[in-house]
Amino acid sequence: MVQIAILGFGTVGSGIAEVIDGNQEEIRRDFPEGLNVKYILDLRDFPDSPYADRVVHDIDIILNDPEIRVICETMGGKNPAFDFSRRALERGISVCTSNKELVDALGGKLAVVAKEHNCSYLFEASVGGGIPILRPLRTSFSQEFVTDILGILNGTTNYILTKMEEEGLEFSEALKQAQDNGYAEKNPEADIEGYDPCRKIAILASLVTGKNVKYQQVPCEGISAIDKADLAYARRLNRAVKLLGVCHHDRSTGKIFVRTAPYMVPQGHPLHAVNDVFNGILVRGNMVGDLMFYGSGAGKLPTASAVVSDVIECVQNQGRNIDIGLNNTEAELIDPMTTKSRFFVRVSADKAAEAAALFDGIEAVSSEDPAEYAFVTGVVTEAEFAEKSQKLGAKSIRLL
């Protein structure tokens, strides 16, 4: 059997062991050698776990064992995950991870180290949980120029928006329900402020260009300012509010635009019907057109399953590098303020005339609140809209 190690025995790490043991027969169907978890690295002991005898506390025990062919890094964070991953790759041990923070910040460096030492650094589980998206981008789209990626990349925020839409809950009520059901952390900031999907769209943008896009470079807005009225307006426009990661790759310049923000998505668009905790990712190729990926974007076993799929690919390519097309150079980003959008806007009713004077060709939207005036703008640049909306003290959401 092929011997592997797991770094970090939390939700995903324990899920990896469960997938390997529970689906060993299925793994052997296409990979007769099978997999075995030889070591589990964690600061804690797990005396009641069936894996208690495999727990070690010293990374060198793992790195110095010649039987270990792949390491699954599920520790989270950048340190010591980066150091442990780098040291493993330098020894020719492939690394598979679900750690989106590390992939976003230092994935390019680790990919280069892997290439130099004829092993691989894979991270399918870092973006779509159980949804296969990175491998199709690398293989099925190898003949395509990917122009756009649009994604609902966070199940927590999608659940909250769905409950607000379907049950008429306020944001705070929907968030509490998400926490009660285990879909949101006690501190939900990374989800509701958009940081989690922002990292994921940055990783996708990096793979599209082959160059590094850091999430700190990506304009990021969450959903904490969305209220029931926004969703009611969206319904009148035959749209739904979704938190999207957006990536556009300009073929003529090679530059890339990336953003995370709430959008009003029209009926008929594939992402309009993605509800509850599910994720959806639309990839647009210049020849193939639009392809949609849908499924569980998080969760213990779906995410662990994606890691194990990477493990099998690494073992099948033992002794050579799986080129993920990522290097350690920085991507050139389009200035977000030069991009153009249409906006849905809410202002106080006494500013209706001022809004009409500022924006050409606005379309009024009926409002149940006589103290409020709502409208949709024409296509304007981000810079122009920011200047004019600030004068109005407006609240706004982009239209897809």
Review point. Over 14 Å from the mean Cα position of the chain (by Cα), on the phi < 0 side of the Ramachandran plot and free of Cβ contacts under 8 Å to residues at least 24 places away in the same chain, is that true of E144?
Key: no
Check your understanding: Which condition number in (1) in the same structural domain as L231 (by TED's automatic domain parsing); (2) surrounded by 20 or more Cβ atoms within 10 Å (Cβ to Cβ) is the one that G182 fails?
Key -> (2)
**Study point:** Contacts under 9 angstrom Cβ, first residue in segment 321-338 being within 22 Å of A383 (Cβ to Cβ), partner in a loop (DSSP other than H, G, I, E, B) and hydrophobic (A, V, I, L, M, F, W, C), 6 or more apart
**Key:** A331/V213; L333/V213; L333/V218; P336/V218
Study note, to complete from the structure: Scanning segment 154-178 for residues that are assigned to a helix (DSSP H, G or I) and closer than 16 Å to N279 by Cα gives G155, T156, T157, N158, Y159, I160, L161, T162, K163, A178
Check your understanding: Which residue out of Y373, Y294 is among the aromatic types (F, W, Y) and surrounded by fewer than 18 Cβ atoms within 10 Å (Cβ to Cβ)?
Key -> Y294
Check your understanding: Only one residue in A374, A352 is farther than 19 Å from K228 by Cβ, at pLDDT 95 or above and not assigned by TED's automatic domain parsing to the domain that holds N212, so which one is that?
Key -> A352
Practice item. Working only within segment 367-400, note down all residues that are more than 17 Å from L237 (Cβ to Cβ) and in a strand (DSSP E or B). Key: V380, T381
Check your understanding: Which one is surrounded by the most Cβ atoms within 10 Å (Cβ to Cβ), of the residues in segment 319-335 that are modelled with pLDDT of 95 or more and in contact with a strand residue (DSSP E or B) (Cβ under 8 Å, 6 or more places away or on another chain)?
Key -> I322
Practice item. For R346, state whether it is outside the structural domain of R259 (by TED's automatic domain parsing), in contact (Cβ under 8 Å) with a residue 60 or more places away in the chain and surrounded by 14 or more Cβ atoms within 10 Å (Cβ to Cβ). Key: yes
Exercise for review: Answer with yes or no whether N321 is touching a helix residue (DSSP H, G or I) at 6+ places or on another chain (Cβ under 8 Å) and within 24 Å of Q217 (Cα to Cα).
Suggested key: no
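For segment 318-366: of the residues being part of a loop (DSSP other than H, G, I, E, B) and among the hydrophobic types (A, V, I, L, M, F, W, C), which is nearest to A205 (Cα to Cα)?
A331
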**Study point:** Residues located in segment 91-115, provided they are farther than 19 Å from S14 by Cα and in contact with an Asp or Glu (Cβ under 8 Å, 6 or more places away or on another chain)
**Key:** L102, V113, K115
Practice item. Please determine, by comparing only the residues of segment 273-291 that are touching a residue at least 12 places away in the same chain (Cβ under 8 Å) and over 18 Å from the mean Cα position of the chain (by Cα), which one is surrounded by the fewest Cβ atoms within 10 Å (Cβ to Cβ). Key: M287
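So for segment 386-399 (the condition being in contact with a Cys (Cβ under 6 Å, 6 or more places away or on another chain), crowded, with 19+ Cβ neighbours inside 10 Å, among the β-branched types (V, I, T) and closer than 30 Å to T209 by Cβ), does at least one residue qualify?
So far as segment 386-399 goes, no, none of its residues is in contact with a Cys (Cβ under 6 Å, 6 or more places away or on another chain), crowded, with 19+ Cβ neighbours inside 10 Å, among the β-branched types (V, I, T) and closer than 30 Å to T209 by Cβ.
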Review point. Residues in segment 16-36: is at least one without any contact (Cβ under 8 Å) to a residue 60 or more places away in the chain, touching a strand residue (DSSP E or B) at 6+ places or on another chain (Cβ under 6 Å), in the same structural domain as S305 (by TED's automatic domain parsing) and within 18 Å of Q316 (Cα to Cα)?
Key: yes
Point to revise | All positions within segment 192-232 that are outside any helix (DSSP H, G or I) and over 19 Å from R398 (Cβ atoms) | key: G210, K211, N212, V213, K214
Study note, to complete from the structure: Among (1) under 30 Å from the mean Cα position of the chain (by Cα); (2) farther than 25 Å from P302 by Cα, P47 falls short only on (1)
**Study point:** Leading residue by the ranking (surrounded by the fewest Cβ atoms within 10 Å (Cβ to Cβ)) among those in segment 185-229 that are in contact with a Leu (Cβ under 8 Å, 6 or more places away or on another chain) and within 30 Å of E368 (Cβ to Cβ)
**Key:** K228
Check your understanding: Residue check, N212 against (1) at pLDDT 95 or above; (2) in contact with a Gly (Cβ under 7 Å, 6 or more places away or on another chain); (3) of a type outside the set (D, E), all met but one. Which one?
Key -> (1)
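The values are calculated or read from the model by the stated rules, or taken from the named source; none is laboratory data. Remember, it's a predicted structure, so these values are computed and weren't measured experimentally. Note: ideal-geometry Cβ built from the backbone for every residue, glycine included; neighbour counts use all protein chains shown.
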